[in-house]
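First up is the structure itself, then whatever we jot down about it.
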Amino acid sequence: MCAIAGEIALRPHAPIRLEAVAPMVGALRHRGPDQWGCWMAPDRSVALVNARLAIVDREHGRQPITNEDGTVWVTFNGELYGFERLARDLAARGHLFRTRSDTEILVHLYEEYGERFAEHLRGEFALALHDATRRVTYLVRDRFGIKPLFYAKTTTAIVFASEIKGLLAHPAIASRLDPEQIFHMLGGLFLPGRSMFTGIGQVEPGCILRVADGEVRSIRYWDLALSREEQDSGAGEAGTADAAVVEEFTQRFDEAVRLRLHGDVESAVYLSGGIDSAMVMRAMADVRPVRAFTVGFASDTWDETAAATAVAAAVGVEHHVARIGPGDLAGPFVDAIWHAEAPVINAHAAAKYVLSELAGRHVKVVLTGEGADELLAGYPQFRHQLLLDRLRRDPHDRRTRDELATFLAGAGTLGGTVPITSYPDVEGVVRRFGAYPYPVAKAIYYQRRLWALLAAPLRRQSREFDSLDALAALIDRTVLAGLPPVAASQYLLFKTELPGYILSTLGDRMEMAHGVEGRTPFLDHELVEFVSRLPLRFKLRDAVDKWLLRQAIQGRLPAAATAPKRVFMAPSLSTLGLEAPHGALDEWFDRRLIEETGIFNPTAVTALRLGARRLPRGSRAQMVCEAATVMALSVHVLHDLFCRKLEASLARYRRPGVVDVREGAVAGSAIDSATR
């Protein structure tokens with residue numbers, strides 16, 4: 001729930017101005033349409049802002065919230081689970097509560113545990129907490145980066161917000177795309193703590209940014225610990241001990257779902273045709289009636305509604321489908337880029353935007369299956385990696401070589417794999433990282449082919465960029481060193497693509513664009529810690545992905561729910577109207593705009609568009625051209641909305657309603673500007 005924003009002075013004689021902070025609220029109102037709030041320290045050293053989506057204690061849970069004596073203040077985005085037990089424990093220790101909201105436990109946990117208070121939180125969250133007595137402010141993000149938290153440093157302050165557009169509404173923050181970060185992303189890498197804009201970073205998942213005495217320091221309070229037990233995934237039939245693990249996993253998962261059903265509003269589920277969301281729906285339906293929402297396409301190749309409908313009918317849930325036909329995503333694509341604040345490789349973000357719009361008409365909370373593939377080795381790349389690793393150990397293994405050839409023949413370009421038969425630069429990669437994660441092989445493959453697509457100035461500048469060195473500088477080598485191949489890849493995905501794209505561009509940002517809060521039971525940290533301790537055979541066994549989940553689902557869902565993994569993609573050419581030479585999105589293919597953006601070579605973009613339309617549909621070359629065309633389009637839309645027309649974009653997307661942040665104001669609502 002909510003958006004947070006604010007400013008923290010870095011010098012004692014540089015007071016914050018309310019007129020600088022106020023516009024940030026308006027830029028973020030889509031995340032919190034119900035109420036707004038602002039608190040400023042008496043000496044104007046800190047301002048905390050909140051735009052609230054009211055879910056728990058809707059009447060009294062206004063933010064920012066303080067402790068009993070007004071010395072600790074917090075603004076919070078997200079949900080905390082099991083907080084009622086924490087509240088009872090804190091009350092027994094003498095802490096006084098004014099509300100029944102989860103936000104209020106934060107100030108009291110901090111009073112008890114100081115900087116270690118975040119270790120006691122269970123859920124998805126981003127928050128800013130100010131201790132007036134110690135003159136220190138903390139920016140905190142959940143363990144997996146489910147909720148966003150961006151910041152920028154000016155000459156006098158740290159400015160922070162849930163979304164980049166909130167920062168850009170502040171007069172001291174400039175809007176410029178960062179060509180280096182876009183270069184890294186084009187190569188398939190999402191660097192932790194970075195954004196696509198110059199000078200704007202993110203609080204990393206599992207970290208606290210401590211701001212005190214003019215100094216800014218990052219503190220890690222949690223990290224993913226994966227099993228170092230390397231076992232061949234072909235482990236045969238399940239035994240008694242395995243059955244016990246499946247039972248414990250099932251119990252822990254059901255608890256994670258049950259906890260995420262709390263709140264004073266109805267919850268629903270995003271249902272694809274896969275096992276992850278089906279398992280979420282089944283566990284929800286065991287607790288209460290539930291609605292399911294699915295996106296459907298006209299193309300049978302991409303459409304999963306038949307499987308989703310069958311599963312929904314078997315469980316007996318109310319099922320809604322957002323039907324998307326040719327050209328339907330052209331307009332939503334532009335809106336999706338505004339909310340994503342990053343480029344995309346497919347129209348799937350726009351499809352998720354439309355799905356969230358439909359869900360937002362009915363509910364405020366939606367549970368999703370994100371995180372299951374990273375946690376349970378569900379992506380095709382994990383199978384590919386096992387084959388590559390066997391061949392690395394024994395290059396003469398004919399059986400594995402045949403299996404690899406069969407795998408590559410059936411692997412789609414957009415399934416997350418690259419067509420390689422051996423690891424590139426093994427010694428160099430292991431020297432940098434201590435292991436060989438699959439995302440690094442992908443980055444090497446793509447960047448070797450990226451050169452011809454770049455604009456000439458960026459091509460020259462990119463000689464100074466080294467994506468692997470940049471990534472290695474941000475990853476703890478001591479954690480990766482010695483991890484088995486699949487575990488190393490899981491760790492890196494949890495650090496890069498999961499928070500950098502899956503949970504942000506395809507998750508929180510599309511959901512919160514419509515005031516819908518997404519909750520992710522597969523990323524319950526207690527469940528993740530349990531699964532992470534298990535050896536590989538519980539995740540990938542006899543070439544069966546997500547083995548543990550498939551065992552847990554037996555008897556609970558029909559066969560339609562257990563289909564092989566399909567990565568969520570949309571048919572971009574048809575849904576964006578790119579099949580014809582001229583369409584609704586053509587203005588962002590204008591040569592002058594391409595040259596001004598400075599990322600892509602205009603001639604290369606023209607060639608990509610032709611290749612996407614004319615090459616055999618579904619071939620690897622055609623799919624690469626289609627993905628690159630969509631990526632280029634999204635970069636040009638991003639530049640246009642955020643750099644060329646920022647003020648107009650902020651005005652266009654601003655939600656209606658009164659936001660009167662002024663001196664002395666601490667709380668208000670969408671319909672009034674009352675103060676207290």
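The values are calculated or read from the model by the stated rules, or taken from the named source; none is laboratory data. The model shown is predicted, which means the values in this text are computed figures rather than measured ones. For neighbour counting, all protein chains shown are included, and Cβ atoms are generated from backbone atoms with ideal geometry for every residue, glycine included. Surface areas here come from the heavy atoms of the whole protein model, side chains and all, with no ligands, DNA or RNA. Shrake-Rupley method; radii C 1.70, N 1.55, O 1.52, S 1.80 Å.
Evaluate the following for residue 161: is it small (Gly, Ala, Ser) and either open to solvent by 10 Å² or more (accessible area, probe 1.4 Å) or closer than 30 Å to residue 521 by Cα (or both)?
Values: small (Gly, Ala, Ser): yes; either open to solvent by 10 Å² or more (accessible area, probe 1.4 Å) or closer than 30 Å to residue 521 by Cα (or both): yes.
Considered against the rule, which asks whether it is small (Gly, Ala, Ser) and either open to solvent by 10 Å² or more (accessible area, probe 1.4 Å) or closer than 30 Å to residue 521 by Cα (or both), residue 161 comes out as yes.
For residue 489, are the conditions met, namely being open to solvent by 10 Å² or more (accessible area, probe 1.4 Å), modelled with pLDDT of 90 or more and hydroxyl-bearing (Ser, Thr, Tyr)?
Values: open to solvent by 10 Å² or more (accessible area, probe 1.4 Å): no; modelled with pLDDT of 90 or more: yes; hydroxyl-bearing (Ser, Thr, Tyr): yes.
The answer is no for residue 489.
Looking at 134, 143, which one is touching a residue at least 24 places away in the same chain (Cβ under 8 Å), closer than 19 Å to residue 507 by Cα and part of a loop (DSSP other than H, G, I, E, B)? Quick ask: steps written out before the conclusion?
Details: 134 fails: closer than 19 Å to residue 507 by Cα.
It is 143.
Looking at 382, 433, can you tell me which residue is touching a Phe, Trp or Tyr at 6+ places or on another chain (Cβ under 9 Å), over 30 Å from residue 641 (Cα atoms) and surrounded by 18 or more Cβ atoms within 10 Å (Cβ to Cβ)? Before you say what the answer is, go through the steps one by one.
On the way: 433 fails: touching a Phe, Trp or Tyr at 6+ places or on another chain (Cβ under 9 Å).
Going through 382, 433 in turn, just one is touching a Phe, Trp or Tyr at 6+ places or on another chain (Cβ under 9 Å), over 30 Å from residue 641 (Cα atoms) and surrounded by 18 or more Cβ atoms within 10 Å (Cβ to Cβ): 382.
Of the residues 82, 70, 61, 94, which is at pLDDT below 85 and over 23 Å from residue 515 (Cα atoms)?
Details: 82 fails: at pLDDT below 85; 70 fails: at pLDDT below 85; 61 fails: over 23 Å from residue 515 (Cα atoms).
It is 94.
Do you know which residues across the range 616-628 are surrounded by fewer than 17 Cβ atoms within 10 Å (Cβ to Cβ) and closer than 21 Å to residue 600 by Cα? First the steps, then the outcome.
Filtering the range 616-628 down to residues surrounded by fewer than 17 Cβ atoms within 10 Å (Cβ to Cβ) leaves 616-621.
Correct list: 621 only.
Residues in the range 444-487 that are of a type in the set (A, V, I, L, M) and more than 27 Å from residue 611 (Cα to Cα): how many?
Initially, the range 444-487 is screened for residues of a type in the set (A, V, I, L, M), giving 444, 450, 452-456, 458, 468, 470-475, 479-481, 483, 486-487.
If we keep only those that are more than 27 Å from residue 611 (Cα to Cα) as well, we get 468, 470-475, 479-481, 483, 486-487.
Residues in the range 444-487 being of a type in the set (A, V, I, L, M) and more than 27 Å from residue 611 (Cα to Cα): 13 in total.
What do you reckon, is residue 370 at pLDDT 95 or above, out of contact with any His (no Cβ under 9 Å at 6 or more places or on another chain), open to solvent by 30 Å² or more (accessible area, probe 1.4 Å) and not β-branched (Val, Ile, Thr)? Full working, then the answer.
On the way: at pLDDT 95 or above: yes; out of contact with any His (no Cβ under 9 Å at 6 or more places or on another chain): yes; open to solvent by 30 Å² or more (accessible area, probe 1.4 Å): yes; not β-branched (Val, Ile, Thr): yes.
Here the answer is yes, as residue 370 does meet what is asked.
Under 7 Å between Cβ atoms, at least 6 apart or on separate chains: pull out the pairs that start in the range 176-187 with a residue that is without any contact (Cβ under 8 Å) to a residue 60 or more places away in the chain and end on any residue that is assigned to a loop (DSSP other than H, G, I, E, B).
Within 7 Å, the pairs are 178/196; 178/198; 181/191; 181/195; 181/196.
Looking only at the range 448-469, filter to residues that are in a helix (DSSP H, G or I) and closer than 30 Å to residue 393 by Cβ; which one of those is least open to solvent (accessible area, probe 1.4 Å)? Reasoning before the result, please.
Of the residues in the range 448-469, the ones in a helix (DSSP H, G or I) are 451-453, 456-464, 467-469.
Cutting the leftovers down to closer than 30 Å to residue 393 by Cβ gives us 467-469.
Numbers: 467: 2, 468: 18, 469: 79 Å².
Top of the filtered list is 467.
Looking at this structure, is residue 317 without any contact (Cβ under 8 Å) to a residue 60 or more places away in the chain, within 24 Å of the chain's Cα centre (by Cα), open to solvent by 10 Å² or more (accessible area, probe 1.4 Å) and over 14 Å from residue 571 (Cβ atoms)?
Numbers: without any contact (Cβ under 8 Å) to a residue 60 or more places away in the chain: yes; within 24 Å of the chain's Cα centre (by Cα): no; open to solvent by 10 Å² or more (accessible area, probe 1.4 Å): yes; over 14 Å from residue 571 (Cβ atoms): yes.
Taking the combined requirement at face value, the residue does not satisfy it.
When the range 532-578 is examined, which residues are found to be under 29 Å from residue 345 (Cα atoms) and assigned to a strand (DSSP E or B)?
Across the range 532-578, the qualifying residue is only 544.
Name the residues in the range 13-22 that are out of contact with any Pro (no Cβ under 8 Å at 6 or more places or on another chain) and either surrounded by 19 or more Cβ atoms within 10 Å (Cβ to Cβ) or in a helix (DSSP H, G or I) (or both), would you? Don't jump to the end; show me each part of the working.
So in the range 13-22, the residues out of contact with any Pro (no Cβ under 8 Å at 6 or more places or on another chain) come out as 13-19, 21-22.
Scanning the range 13-22 gives 16, 18, 19, 21, 22.
Would you please list the contacts, defined by Cβ atoms under 7 Å and residues six or more apart or on different chains, that run from a residue in the range 245-274 that is at negative phi and modelled with pLDDT of 95 or more to a residue that is open to solvent by 30 Å² or more (accessible area, probe 1.4 Å) and of a type in the set (Lys, Arg)?
Every condition considered, the pairs that remain are 268/291.
Within the range 374-415, how many residues turn out to be touching a Lys or Arg at 6+ places or on another chain (Cβ under 7 Å) and among the charged types (D, E, K, R)?
Matching residues across the range 374-415 total 1.
Filter the range 637-675 down to residues that are modelled with pLDDT of 90 or more, surrounded by 19 or more Cβ atoms within 10 Å (Cβ to Cβ) and in contact with a strand residue (DSSP E or B) (Cβ under 8 Å, 6 or more places away or on another chain), then give me how many there are.
3
Kindly indicate the residue of the range 596-615 that is open to solvent by 60 Å² or more (accessible area, probe 1.4 Å) and of a type in the set (D, E, K, R) and also modelled with the lowest pLDDT among those meeting that condition.
Filtering the range 596-615 for residues that are open to solvent by 60 Å² or more (accessible area, probe 1.4 Å) and of a type in the set (D, E, K, R), the one modelled with the lowest pLDDT comes out as 614.
Which residue out of 126, 91 is within 22 Å of the chain's Cα centre (by Cα) and small (Gly, Ala, Ser)? Full working, then the answer.
Numbers: 91 fails: within 22 Å of the chain's Cα centre (by Cα).
Criteria check complete, one pass: 126.
Go through (1) under 30 Å from residue 309 (Cβ atoms); (2) basic (Lys, Arg); (3) in contact with a helix residue (DSSP H, G or I) (Cβ under 6 Å, 6 or more places away or on another chain) and name the single condition residue 591 misses.
Here residue 591 clears every test but (1).
Determine which single condition residue 391 fails, assuming it passes every other condition in (1) open to solvent by less than 20 Å² (accessible area, probe 1.4 Å); (2) not in a helix (DSSP H, G or I).
Among (1) open to solvent by less than 20 Å² (accessible area, probe 1.4 Å); (2) not in a helix (DSSP H, G or I), the lone unmet condition for residue 391 is (2).
Among the residues that make up the range 141-155, is at least one of them of a type outside the set (D, E, K, R), open to solvent by 30 Å² or more (accessible area, probe 1.4 Å) and modelled with pLDDT under 95? Write out each step before concluding.
First, pick out the residues of the range 141-155 that are of a type outside the set (D, E, K, R): 144-146, 148-152, 154-155.
Retained after the next criterion (residues that are open to solvent by 30 Å² or more (accessible area, probe 1.4 Å)): 151, 155.
Narrowing the set further to residues that are modelled with pLDDT under 95 leaves 155.
Yes, because at least one residue in the range 141-155 is of a type outside the set (D, E, K, R), open to solvent by 30 Å² or more (accessible area, probe 1.4 Å) and modelled with pLDDT under 95.
So if I check each of 421, 406, 417, which one is open to solvent by 70 Å² or more (accessible area, probe 1.4 Å), β-branched (Val, Ile, Thr) and in a loop (DSSP other than H, G, I, E, B)? Talk me through it step by step, then tell me what you get.
Numbers: 406 fails: in a loop (DSSP other than H, G, I, E, B); 417 fails: open to solvent by 70 Å² or more (accessible area, probe 1.4 Å).
It is 421.
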